[in-house]
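**Student:** Please see the structure below; I have some questions.
Read-outs: derived from the displayed coordinates by stated rules, not from any lab. All values reported here derive from a predicted model rather than from experimental measurement. Virtual Cβ from ideal backbone geometry, glycine too; neighbours counted across all protein chains shown.
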Amino acid sequence: MALARLGCHFEPENPLTFLLADPTTGALKPELRNERVLSAIVEAQVPATRLLQLVPVIQDVASQVDTVISWEIITRLNDDGSIPILEDLKKLGTMSLAPTQRSTSAWAVHGGEE
């Protein structure tokens, strides 16, 4: 629910999103609130302009739950190869940064003329 309050858009095809009663609020379906899971991956999009608000919220939620939380931020590089959000992350000063590069090729197959 904390992510939804920041205007995060939950990935509709993620299995976890199907467990939300209302993706706009992030509330789980009531019948699932006492369930336990081995692993859950939350996929959400948030504008880079909200990053300085988002990271402290994630850190706060992580401190309130009795589990391990791993998270990552994925962003496109600037045309010059620099990381557009790196300076904002450094401003937070509460996390160690290890910017690494991952290159993934994705191919979209669609109908239509070539």
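**Student:** Looking only at the stretch 28-50, count every residue that is farther than 24 Å from Arg76 by Cα and surrounded by 14 or more Cβ atoms within 10 Å (Cβ to Cβ) and tell me the total. Working first, answer last.
**Tutor:** Step one: of the stretch 28-50, the residues farther than 24 Å from Arg76 by Cα are 28-40.
From what's left, surrounded by 14 or more Cβ atoms within 10 Å (Cβ to Cβ): 28.
The qualifying residues number 1.
**Student:** Thr49: among the polar types (S, T, N, Q) and outside any helix (DSSP H, G or I), yes or no?
**Tutor:** Numbers: among the polar types (S, T, N, Q): yes; outside any helix (DSSP H, G or I): no.
No.
**Student:** Looking at Val55, Val61, can you tell me which residue is within 12 Å of the chain's Cα centre (by Cα), surrounded by 11 or more Cβ atoms within 10 Å (Cβ to Cβ), among the β-branched types (Val, Ile, Thr) and not in a loop (DSSP other than H, G, I, E, B)? Lay out the reasoning, then the answer.
**Tutor:** On the way: Val61 fails: within 12 Å of the chain's Cα centre (by Cα).
When all the criteria are applied, what remains is Val55.
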